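Down below is the structure, laid out as structure tokens.
The values are calculated or read from the model by the stated rules, or taken from the named source; none is laboratory data. Bear in mind that the values here come from a model prediction, so they are computed numbers and not experimental data. Using ideal geometry, Cβ is built from the backbone for each residue, glycine included, and neighbour counts are taken over all protein chains shown. Keep in mind that these areas ignore ligands, DNA and RNA; they rest on the heavy atoms of the full protein, side chains included. Shrake-Rupley method; radii C 1.70, N 1.55, O 1.52, S 1.80 Å.
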Amino acid sequence: MFNVNLLSRYIPIVLVSASLVACNKDDDDNGITPPDNLRSAIDYSKLTDTTAYANFFADNSGAKTVDLTPGSTQLLMFRAINTYNGTAVGTGATLDSTVLKNMFSNTGNPFTDAALNTSGVNLRSIFASSLPAADAEKERKTLEAAFGPIATASKSVTATASEGKAGKLVTGTSSYLVDAKGIEWAQIIQKSMIGGLQVDYISNVLLSDKNLALDNSKVVTGKKYTELEHNWDQIFGLLTANPVYGSKATATSSGESFIGSYLWEYNKEDFPKIHTALLKGRAAIVNNDPTTLKAQVAILRPALEKALAGAALGYLGKWKTNATNDAARAHAIGEGLGFIYSLRYAKINGADAAFSDTILAGLIGAPNGFWGLTNTKIDAAAAAIRTKFKITN
């Protein structure tokens, strides 16, 4: 997102590694060593793109071994933050930065769903959690620093925005709340959370070598699953609320939300592979089959990063194609800025904070932010992304 030291002179309040490395153990070990009889073997051919993830996996007594609760709760909290931010343009509500901060950390009973308040789960602790502690904390504070600008802008929700003036920009039936520099903070927060929450935690933590070496030789005390099985289940819960990922997709809608939706929109090639990879990876854990497990990881991690890069490029392009529509352009660049921030979590492609921050500075480094954007700045940002991610089309 926006590095505070780097961009604080440009906007009033600034928004605020590792690829899979070779495992020290050989492939026959890889930390996955359950006794052969812990679970009955799963025939991979029985896994289809309509197999319901949570209902398929069971122990030898028939008891279900999947618990999606942690990931599903995190996804619900993400949705709650996004919904709250939308109330400004939706109902004219004034937002409270303290409420947003409390939702992020799950303190002070901030959620209207009481079950979330008492869940023992929070988003702050997993946001950017693949990074060293000091760097992770910096990114968390950066996100929290974005809560102030959206709250301030919401006080002007009845005004029409213009250069130097916060308010709404309207196109057709759509309204977007922007600050005096034309920045739509709701989109920046959402897209930045897609990267720092979903992509980083799924790709760089849950699918890391460290977590793929969690114990799989016995069930967790009082539970039906092993540590490794539960680690994999968190991926599914945080990615989708649907029993079958992608099952609600149509020609015009993904039927998913957040990164699940952008996989459909900006990575059509990999979108149909995701559900099967999640199923097959879980089955590989049951089967004590690290080779097949690694093959699914090799599908999932690059797919997430490709979706981020594709979305960043897509919204930069939409800024250009809406050259006479300030509302559409501001909305496009708001989404684009959030996705560009999120590229710092694309570790397989070698992106990092410095890469993201350099692009962001080139886009909104001028004193008037969105209002000072030009085709030249957009093209330079797009070229940097294409080069880093080896995108030629």
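The residues on offer are ILE340, ILE333, and the sole one that is farther than 18 Å from SER203 by Cα and part of a helix (DSSP H, G or I) is ILE333. If the condition is being open to solvent by less than 30 Å² (accessible area, probe 1.4 Å), within 14 Å of TRP319 (Cβ to Cβ) and of a type outside the set (Phe, Trp, Tyr), then segment 361-374 contributes LEU363, ILE364, GLY369, GLY372, LEU373. If you filter segment 288-327 down to residues that are under 16 Å from THR171 (Cα atoms) and open to solvent by less than 20 Å² (accessible area, probe 1.4 Å), you find that the one that is nearest to the chain's Cα centre (by Cα) is TRP319.
For segment 189-212, residues that are surrounded by fewer than 24 Cβ atoms within 10 Å (Cβ to Cβ) and either at pLDDT below 95 or among the acidic types (Asp, Glu) (or both) total 1.
Does ILE285 count as β-branched (Val, Ile, Thr), modelled with pLDDT under 95 and buried (at least 23 other Cβ atoms within 10 Å of the Cβ)?
Details: β-branched (Val, Ile, Thr): yes; modelled with pLDDT under 95: no; buried (at least 23 other Cβ atoms within 10 Å of the Cβ): yes.
No: the conditions fail for ILE285.
Residue count for segment 246-282 under the criterion of being closer than 16 Å to PHE236 by Cα and either of a type in the set (Val, Ile, Thr) or at pLDDT below 95 (or both): the result is 3. When each of LEU337, LEU343 is tested for being open to solvent by less than 40 Å² (accessible area, probe 1.4 Å), farther than 23 Å from ALA298 by Cβ and of a type outside the set (Gly, Ala, Ser), the lone residue that passes is LEU337. The residues listed here are ILE126, ILE183; of these, the one that is under 24 Å from THR374 (Cβ atoms), in a loop (DSSP other than H, G, I, E, B) and under 21 Å from the mean Cα position of the chain (by Cα) is ILE183.
Mind listing whichever residues of segment 304-330 are among the polar types (S, T, N, Q) and assigned to a helix (DSSP H, G or I)? Show your work before the answer.
Keep residues of segment 304-330 that are among the polar types (S, T, N, Q), which gives 321-322, 324-325.
Selection gives THR321 alone.
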